[in-house]
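Undergrad: Provided herewith is a single structure, encoded as structure tokens, for subsequent inquiry.
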Amino acid sequence: MEPCIDPTAVTQEQLGAYAADPSDAPPTVVGHIAACLGCQQEVREMGSFTAYLRQQLYRFDCPPPENLTALVAGTLEAARGSIDAHMLTCTRCQEELSLVTAALADHDPILDWQAPTAVSGARRLLASLLEALPPGIAAPAPALNLRSAGAGSPTRPRIYHAEDVTLALRVTPAAHGHHHLEGMLSSASEPTLAMAEIPVRLYVQEAAAPPRLVAEDTTEGGTFLLGPFPSGHYELEVHLTDRIIAVEDLVW
């Protein structure tokens, strides 16, 4: 590193202030740095370190986005007091809360959900968890062919069956103690099912309330990915043309 041409000309505090905002520096400091290669290098290093800290600490104490959504929806219980206190001083969370409020206020028919029943003549079939596949039922592709949802070691897929449809589900960990739900759909009698775009909907089961829709995806190559979601009780529905395949009591 180049030595400073005049160590008494500027202080470390002045160099730090210049690195943060050169426009506010006194002319004597600006002139010295312009002539001193050593101080120029030190200012660059200070700026890089400051940028790194900002990136690492950016909104480190802000609540996760899903908590803000739950706050607007009126379903947040844990840590409600601390989040309310945080919202009083954090302008970024206030802006984000306004966006979430506006988004939820925008009417979306998919949120007008009622308890699952037969729709347009479709039959609702409850899928059974299988320890082993019965004869004639196609096994799903290996777990590694499911979409990669997040970090951590994936769990072994759980296999469900309803009539000629086989459904492999796997839970994978996500950030903040949440999880993703990956799935793969197959059929022994209808191989083209894996290539169709099929709606998949996930509902959370809450005490003393009907299941509430929390996510929806469409199968791609027979696979789908939902989440991330906190631990709880969930219910999955796969909407085929003539029937609905339901998996109840999903817990993670």
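Where a number appears in this text, it was derived from the coordinates with a stated rule and is not lab data. Computed from a predicted structure; not experimentally measured. Note that we place each Cβ from the backbone using ideal geometry, even for glycine, and neighbour counts take in every protein chain shown.
Undergrad: Compute the distance in nm between two label points, each set 7 Å from the Cα along the Cα-to-Cβ direction, one at residue 34 and one at residue 8.
TA: Inter-label distance under the simple model: 2.4 nm.
Undergrad: By count of other Cβ within 10 Å, fewest leading, how are 124, 92 ordered?
TA: Sorted ascending by nearby Cβ count, the order is 92, 124.
Undergrad: Follow-up question, since we're still on this one. What does the charge add up to near residue 245, with Lys and Arg as +1, Asp and Glu as -1, over the other residues with Cβ less than 12 Å from its Cβ?
TA: Charge balance near residue 245 sits at -2.
Undergrad: Based on the mean of other Cβ atoms within 10 Å per residue, sort peptides 21-30, 208-217 so the most packed one is first.
TA: Sorting 21-30, 208-217 by mean packing, highest first, produces 208-217, 21-30.
Undergrad: How far is it, in nm, from the label point at residue 62 to the one at residue 89 when both lie 7 Å from their Cα along the line to the Cβ?
TA: 1.6
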